[in-house]
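Chemist: Attaching a single structure in structure tokens format; questions to follow.
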Amino acid sequence: MCAKKSADPVIDEISTLRAQLEEANYRYYVEDAPSIPDAEYDRMLRRLQEIEAEHPDQVTADSPTQRVGAPPAEGFPEVRHAVAMLSLDNAFDEQEVRAFARRVGERLETDEQAITFCCEPKLDGLAVSLVYENGLLVQGATRGDGRTGEGITANLRTLRSIPLRLRGDHLPALLEVRGEVYMSHSGFEKLNDEARTRGSKVFANPRNAAAGSLRQLDPNIAAARPLEFCAYQVARIDDEWLKPSHSALMQQLRDMGFRTSPEIDVVTGADGLVDFCDRMGRRRERLDYDIDGAVLKVDDLRAQRELGFVSRAPRWAMAFKFPAQEQTTIIRDVTFQVGRTGRLTPVARLEPVQVAGVMVSNATLHNMDEIERLDARIGDTVVIRRAGDVIPQIVSVVMDARPEEVHAIEMPEQCPVCGSRVERIGDEVDARCSGGLFCPAQRKEALKHFASRRALDIDGLGTKLIDALVEREWVTTPADLFRLEAERLAELPRMAQKSADNLVASLERSRHTTLPRFIYALGITEVGEATANALVLHFGELQRIMDASREALETVADIGPIVAGHIHSFFAEAHNRETIEDLIRVGIDWEEVEVGEREQPLAGQTWVLTGTLEALTRDEAKARLVALGAKVSGSVSKKTHAVVAGEAAGSKLEKARQLGVEVMDEQTLLNFLGQHESAPSSEKAP
Ligand code: IVH
């Protein structure tokens with residue numbers, strides 16, 4: 001092998017990776033046209049981290065790896081803005097927009113209909129200022145009081161839409177860019193969903209979430225939040241870089257690697273402004289981020305200078321504000337909706353109220369924890385908020401307005417759809433209907449799962465067909481599937497006699513299955529293939545699983561109290577037992593498995609699967625390892641017994657090597673499983 005590596009290939013690889021990562025960011029954030037999958041981005045970033053770890057002398061402040069990792073700060077330094085960060089005057093209707101155009105025309109002594117304006121959405125986030133010296137980001141700060149803000153450079157560096165280094169070879173010595181940091185609706189919902197699942201604090205709206213994230217002293221927190229930056233102003237730039245218009249400056253910012261609003265438009269005259277405001281008002285609904293209006297700017301920079309400022313706002317710009325997205329109303333009642341997976345969601349029935357142009361009469365309360373957090377009762381006055389596609393939310397209760405008589409909101413004991421018991425297991429946030437296969441609200445989803453490839457594997461029974469069968473009420477329980485006749489099926493639209501015959505034939509084939517598949521097919525909450533397998537290996541036969549106590553279930557490898565609770569309450573529900581009996585009655589059968597005392601050669605060992613396997617799915621490999629007694633974990637440590645590395649294995653493989661943990665490929669795993677798995681006996685079930 002080569003004795004000593006030259007430094008060049010390393011430097012080459014580093015600069016190639018950096019360029020590719022920067023290009024990917026540019027395509028994603030500036031051009032809105034992602035060029036590579038997220039996984040590929042992550043892979044390249046990991047690779048760059050690896051190389052830089054080996055060559056610390058090659059690490060530069062603008063490397064994409066340097067967005068995270070700064071230590072928590074003691075506090076934020078004060079930053080004095082070289083150019084004050086001003087605010088804007090507001091217009092609330094068409095008249096005020098037209099008055100703005102008229103004033104500009106008068107001051108410039110030109111026909112207002114000939115003035116060009118650059119119009120942008122008014123993003124509802126936080127204004128920040130970024131300073132670049134010789135192309136490198138050196139400082140990021142909040143607006144503060146407009147004169148002095150807080151230096152939050154380390155937090156801002158974590159945003160992938162903020163370039164650490166400007167694009168291009170020829171760059172200004174000084175550039176100060178301003179723009180808005182915000183959070184998308186989808187990012188916000190995901191963040192809050194995660195917080196709810198953990199039982200931690202949720203944010204009232206995307207703006208608060210963005211503000212809260214930037215205020216964190218530990219940049220790792222900001223790094224984990226889905227924050228974005230959109231540039232809208234150049235505060236300082238060397239003269240030679242100045243352009244004649246704001247819109248040309250925005251184009252220049254894009255060229256330098258900043259995201260600017262894709263909604264920007266250059267219009268003329270008051271009519272152009274009014275038209276833009278109308279258009280943005282309609283667009284608002286469809287954007288994945290909050291905007292609270294439109295910003296209208298005189299495009300010509302010389303004209304801007306001529307117009308100047310009054311007190312805290314420029315004369316050359318105006319904010320047109322949309323009607324508020326928050327309103328107060330009263331909770332008249334709370335009902336519970338049963339989702340496809342049996343989850344019960346409390347929905348507040350509100351005194352109907354107009355919010356941002358739409359009548360709102362329902363709002364989600366998410367779950368009982370959220371109700372407790374808000375301390376909401378029936379009869380309360382609440383602040384509700386509607387933003388774009390986001391379902392109306394209850395932001396807070398107006399405690400001062402609480403009437404004498406309010407009613408507590410209680411989770412029903414029985415499913416409002418099917419009457420089965422409602423269960424909330426352990427300290428889980430969600431309550432669920434235990435009706436499973438029986439509950440009409442869960443029927444379609446339950447049947448789709450039942451027929452899926454890894455469950456009963458009913459070939460030809462797809463989503464649309466299941467929808468059609470349930471809607472016609474030909475099928476209400478899974479057993480009904482096996483009573484379908486080809487003749488009747490052929491009556492369905494787009495169903496030829498031949499397809500109907502094929503479906504009946506594949507139903508016939510699916511009747512003969514295995515017990516783990518059957519248990520998995522039942523769709524018990526949190527019971528995947530691995531758990532189904534473990535149950536069968538432990539108890540051997542269905543009746544023993546159905547009759548097992550919670551305690552007995554907890555003794556099964558890899559089953560904790562929550563999963564044991566789900567299994568127990570599923571089988572405790574009479575409807576579910578009837579469904580199972582019915583399935584056996586229509587002829588579902590499986591081969592019996594040898595009971596209990598099987599050898600568990602991997603008992604006490606922890607294994608890790610990483611990368612992509614070819615012959616096996618992850619779940620299959622896991623189930624087979626668990627069946628031999630192993631615990632399968634997601635992370636590598638000193639205690640890991642072996643790591644199975646498939647295609648494109650990354651950091652886990654690396655870690656295993658570092659720790660000297662045994663690594664095997666998929667073929668070795670298959671050989672190993674083959675040696676250790678003993679074939680089950682082939683007695684038939686009754
Ligand atoms: S221009 C001299 N453009 O609105 C004024 N501001 O009320 C420079 N904002 O603090 C601001 N979107 O946080 C401008 N496209 C946009 C904007 C925008 C949102 C915010 C910004 C500013 C506030 C002014």
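The values are calculated or read from the model by the stated rules, or taken from the named source; none is laboratory data. Everything quoted here is computed from the prediction, not taken from an experiment. As a convention, Cβ positions derive from the backbone with ideal geometry for all residues, glycine included, and neighbour counts pool all protein chains shown. Side chains are part of the model used for accessible areas, which takes the heavy atoms of the whole protein and leaves out ligands, DNA and RNA. Shrake-Rupley method; radii C 1.70, N 1.55, O 1.52, S 1.80 Å.
Chemist: Being away from the ligand (no atom under 16 Å from the Cβ), hydroxyl-bearing (Ser, Thr, Tyr) and either open to solvent by 20 Å² or more (accessible area, probe 1.4 Å) or modelled with pLDDT under 95 (or both) is the requirement here; does Ser311 meet it? Before the answer, list the steps.
Modeler: Working: away from the ligand (no atom under 16 Å from the Cβ): no; hydroxyl-bearing (Ser, Thr, Tyr): yes; either open to solvent by 20 Å² or more (accessible area, probe 1.4 Å) or modelled with pLDDT under 95 (or both): yes.
Taking the combined requirement at face value, the residue does not satisfy it.
Chemist: Taking strands (runs of 3 or more DSSP E) that do not extend beyond the range 342-443, which have at least 1 residues that are touching a Pro at 6+ places or on another chain (Cβ under 6 Å)?
Modeler: Details: elements: 343-355, 358-364, 381-387, 390-397, 431-433.
Strands (runs of 3 or more DSSP E) meeting the threshold: 358-364, 381-387.
Chemist: Within the range 104-126, which residues are within 12 Å of the ligand (Cβ to nearest atom) and either modelled with pLDDT under 95 or small (Gly, Ala, Ser) (or both)? Give the derivation first.
Modeler: Initial filter on the range 104-126 (within 12 Å of the ligand (Cβ to nearest atom)): 118-126.
Within the range 104-126, Asp124, Gly125 meet the criteria.
Chemist: Here are Ser200, Ser186: which of them is over 24 Å from Lys122 (Cα atoms) and either over 16 Å from the mean Cα position of the chain (by Cα) or not aliphatic (A, V, I, L, M) (or both)?
Modeler: Working: Ser186 fails: over 24 Å from Lys122 (Cα atoms).
Just a single option satisfies the conditions, and that option is Ser200.
Okay, residues lined up against (1) modelled with pLDDT under 95; (2) within 16 Å of the ligand (Cβ to nearest atom); (3) over 17 Å from Val234 (Cα atoms); (4) not in a strand (DSSP E or B):
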| site | (1), (2), (3), (4) |
| --- | --- |
| Gln95 | no, no, yes, yes |
| Arg102 | no, no, yes, yes |
| Val128 | no, yes, no, no |
| Val131 | no, no, no, no |
| Gln139 | no, no, no, no |
| Gly144 | yes, yes, yes, yes |
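Chemist: Of all the residues that make up the range 512-528, how many are modelled with pLDDT of 90 or more and open to solvent by 30 Å² or more (accessible area, probe 1.4 Å)?
Modeler: Final tally of qualifying residues: 5.
Chemist: Quickly run through the range 314-345 and pick out the residues that are away from the ligand (no atom under 15 Å from the Cβ) and in contact with an Asp or Glu (Cβ under 7 Å, 6 or more places away or on another chain).
Modeler: Thr329, Ile330, Ile331, Arg332, Arg340, Thr341, Arg343
Chemist: Continuing with this model, one more query. Which residue out of Val608, Val643, Val663, Val632 is part of a strand (DSSP E or B), over 30 Å from the mean Cα position of the chain (by Cα) and closer than 26 Å to Asn533 by Cα? Please lay out each step first, then the result.
Modeler: Working: Val608 fails: over 30 Å from the mean Cα position of the chain (by Cα); Val643 fails: over 30 Å from the mean Cα position of the chain (by Cα); Val632 fails: over 30 Å from the mean Cα position of the chain (by Cα).
Matching residue, one of Val608, Val643, Val663, Val632: Val663.
Chemist: Related question: Of the numbered conditions (1) within 16 Å of the ligand (Cβ to nearest atom); (2) closer than 21 Å to Asp290 by Cβ, Phe203 satisfies every one except a single condition; which is it?
Modeler: In the conditions (1) within 16 Å of the ligand (Cβ to nearest atom); (2) closer than 21 Å to Asp290 by Cβ, Phe203 misses (1) alone.
Chemist: Quick one: which of Glu592, Glu614, Glu581, Glu551 is in contact (Cβ under 8 Å) with a residue 60 or more places away in the chain and either touching a helix residue (DSSP H, G or I) at 6+ places or on another chain (Cβ under 8 Å) or of a type outside the set (A, V, I, L, M) (or both)? Can you show your working first?
Modeler: Working: Glu614 fails: in contact (Cβ under 8 Å) with a residue 60 or more places away in the chain; Glu581 fails: in contact (Cβ under 8 Å) with a residue 60 or more places away in the chain; Glu551 fails: in contact (Cβ under 8 Å) with a residue 60 or more places away in the chain.
The conditions single out Glu592.
Chemist: For the condition crowded, with 17+ Cβ neighbours inside 10 Å and more than 16 Å from the ligand (Cβ to nearest atom), what is the one hit in Leu164, Leu174, Leu156? Let's see the steps before the verdict.
Modeler: Values: Leu174 fails: crowded, with 17+ Cβ neighbours inside 10 Å; Leu156 fails: more than 16 Å from the ligand (Cβ to nearest atom).
Result: Leu164 is the single residue among Leu164, Leu174, Leu156 that is crowded, with 17+ Cβ neighbours inside 10 Å and more than 16 Å from the ligand (Cβ to nearest atom).
Chemist: A follow-up question, please. Which residue is modelled with the lowest pLDDT, if the candidates are limited to the range 76-87 and must be within 34 Å of the chain's Cα centre (by Cα) and near the ligand (Cβ under 8 Å from one of its atoms)?
Modeler: Top of the filtered list is Ser87.
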